[in-house]
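Novice: Take this structure first; my questions come after.
The values are calculated or read from the model by the stated rules, or taken from the named source; none is laboratory data. This is a predicted model, so every value here is computed, not measured. Glycine also receives a Cβ, built like all others from the backbone with ideal geometry; neighbour counts cover every protein chain displayed. SASA here: full protein model, heavy atoms, side chains in, ligands and nucleic acids out. Shrake-Rupley method; radii C 1.70, N 1.55, O 1.52, S 1.80 Å.
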Amino acid sequence: MKTNLLILALLALTLSAAAQEQTPPPDGPQHTFQDDLLDKMAGRWKLTGTIRGQNAEHIVDAQWTLNHQFLQVHEKDTSAPKGTAPAYEANVMIGYDNSSERYVAYWMDVFGGRFSETLGYGTRSGDQIEFVFEYPDGPFRTTFRWLPGKKQWQWQMRTKNSSGKWVDFANMTLEPVSAQ
């Protein structure tokens, strides 16, 4: 009986010590975020396609920042006529939350704080990451798809219309801008 109590006490001490020595998830400044798919987006890109049915041409610059915790994507419209409404511009910060095992996207653009307050959560499947933003006026999906044979990205954005059906908001291709 005493032997069993001694074994139980030693087991409890061992489990307690092991619990105290557990390492936290690999987030924070002591760890960098490594992602083979997002690494392919780092660089300068020419974006072409349609947004709300209108032709679009943007320039996209993406680089790792903040101790390689986020891919910062800067997108700017290069086709807007001068003297019209401000050209579209966005800064997107894409990272990964190891605790919840999902991507996060902070999408800030010229439409201001109201439309930038919603955080997007993403999951990866093969060569694509799909983000879902739960905006007050309904869900919005943004999918980044790497096309390895073409060395291009496809960005597709979809929203739910008033009848609850998913419809295209934007469909764009990113081609690398060659160094000059």
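Novice: In segment 143-178, what residues are open to solvent by 60 Å² or more (accessible area, probe 1.4 Å), touching an Asp or Glu at 6+ places or on another chain (Cβ under 8 Å) and in a strand (DSSP E or B)?
Specialist: Arg145, Arg158
Novice: Across segment 97-110, which residue is farthest from His58 (Cα to Cα) among those that are out of contact with any Gly (no Cβ under 7 Å at 6 or more places or on another chain) and modelled with pLDDT under 95?
Specialist: So in segment 97-110, the residues out of contact with any Gly (no Cβ under 7 Å at 6 or more places or on another chain) come out as 97-101, 106, 108-110.
Then drop every residue that is not modelled with pLDDT under 95, which leaves 97-101, 108-110.
Details: Asp97: 29, Asn98: 32, Ser99: 34, Ser100: 33, Glu101: 31, Met108: 16, Asp109: 14, Val110: 14 Å.
Out of the qualifying residues, it is Ser99.
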